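Before anything else, here's the structure in question.
The values are calculated or read from the model by the stated rules, or taken from the named source; none is laboratory data. In this text the structure is predicted, and so the values were computed from the model without any measurement. Please note: Cβ atoms are built from the backbone with ideal geometry, for glycine as well, and neighbour counts cover all protein chains shown. In case anyone asks, the SASA skips ligands and DNA or RNA and just uses the protein heavy atoms, side chains included. Shrake-Rupley method; radii C 1.70, N 1.55, O 1.52, S 1.80 Å.
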Amino acid sequence: MIRKNGRVTTSATDDLWGEAGPGSRRILEAALTAFAARGYHGASTRDIAAAAGMSPSAVYAHHRTKEDLLYAISLAGHRSALAAVERALGEEVTAVGRLRALVHDYTAWHARHHQLARVVQYELGALAPDHRDEILRLRRRTEEVVLDEIAAGIASGAFRTEDPGGVALAVLSLGVDVSRWYAPGGHHTPVSLGRRYATLVLAMLGTDHRSATAG
């Protein structure tokens with residue numbers, strides 16, 4: 001974890017693969033790079049094996065199919081994004097502070113993990129039905145967290161909107177879209193994007209601009 005300007009965010013080196021062993025980690029990293037560069041259907045198991053410095057049979061010893069690799073990557077990515085959202089809420093009390101932290105960290109996560117996010121967001125259709133259903137449950141949980149925070153803010157009088165669902169959709173869409181175009185070394189950083197998008201979302205909800213940028 002790193003702390004930047006009062007916000008706790010997830011660094012690009014944070015562990016994504018849980019208890020996977022060294023061999024499996026090499027394969028997952030190689031698969032992620034291949035899927036990001038060529039797309040799921042354009043990357044072969046032979047490509048992944050070569051990038052991992054293994055034979056195709058060695059890859060199959062860890063993961064039965066190429067789709068299993070995509071599932072493992074998708075599961076890790078969605079769990080990590082959800083954890084970032086839930087962790088962002090842990091240090092905040094006010095409705096404005098909580099949503100500002102949520103939007104900041106969700107956006108920053110998609111920038112910091114832009115390659116992973118691109119794969120897990122845009123290759124969803126390549127998953128087997130049972131795997132896709134599990135990933136969709138995680139996505140719905142993230143959506144529920146966002147919508148619950150907006151609803152709580154409306155109930156408390158901190159937010160003003162007649163379309164909480166539309167704002168929740170905007171929060172999620174803004175964050176996801178970052179992974180489509182973000183490249184390190186450009187004008188924007190994960191932190192600056194998090195701040196900018198938090199300001200935009202809180203403006204949608206009728207909060208004072210200074211509340212959106214304080215902290």
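Longest span of the chain, sites excluded, free of GluC sites (Glu not before Pro) in DSSP loop with at most 10 other C-beta atoms within 10 Å?
For GluC sites (Glu not before Pro) (loop position, at most 10 other Cβ atoms within 10 Å), the longest site-free span of the chain is 20-161.
With r defined as the distance between the Cβ atoms of SER173 and ASP68 and R0 fixed at 30 Å, what FRET efficiency is calculated, to the nearest 0.05?
After rounding to 0.05, the efficiency reads 0.55.
Modelled label-to-label distance, GLU134 and HIS188, 7 Å Cα→beta-carbon offset: nm?
Spacing of the two 7 Å Cα→Cβ label points: 3.2 nm.
Just the Kirkwood number for the chain, please: inverse of mean 1/r across all distinct Cα pairs, in Å, one decimal.
Result for the chain stands at 18.1 Å.
On the accessible surface of segment 60-129, probed at 1.4 Å, how many percent belong to carbon and sulfur atoms?
Summing carbon and sulfur atoms, their accessible area is 53 percent of the total for segment 60-129.
If you average the alpha carbon positions of segment 16-65 and of segment 130-203, how far apart do those two centres end up, in angstrom?
Going from one Cα centre to the other spans 30 Å.
Which log10 I(q)/I(0) values, to two decimals, does segment 100-180 give at q = 0.13, 0.16, 0.23, 0.26 Å⁻¹ under the Debye formula with one point per Cα?
For segment 100-180, the Cα-only Debye profile gives -0.46, -0.67, -1.12, -1.26.
Shifting gears a bit: Under the rule that an exposed site lies in a DSSP loop and has at most 15 other Cβ atoms within 10 Å, name the longest stretch of the chain with no trypsin sites (Lys or Arg not before Pro) of that kind, not counting the sites themselves.
65-159
Still on this model: Any idea what the dipole of the chain comes to, in debye rounded to 20, about its Cα centre with Lys/Arg Cβ at +1 and Asp/Glu Cβ at -1?
So the dipole magnitude of the chain works out to roughly 560 debye.
Work out the charge dipole of the chain with +1 on the Cβ of Lys and Arg and -1 on the Cβ of Asp and Glu about the Cα centre, then indicate which of ALA51, GLN121, VAL96 is farthest towards its positive end.
Of ALA51, GLN121, VAL96, it is ALA51.
Give me the accessible area per residue for segment 54-160, probe 1.4 Å, as a whole number in Å².
Computed with neighbouring chains in place, this is 42 Å² per residue.
What percent do you get for the relative contact order of segment 12-148 when only Cα pairs under 8 Å and 6+ apart count?
Relative contact order for segment 12-148 comes out at 28 percent.
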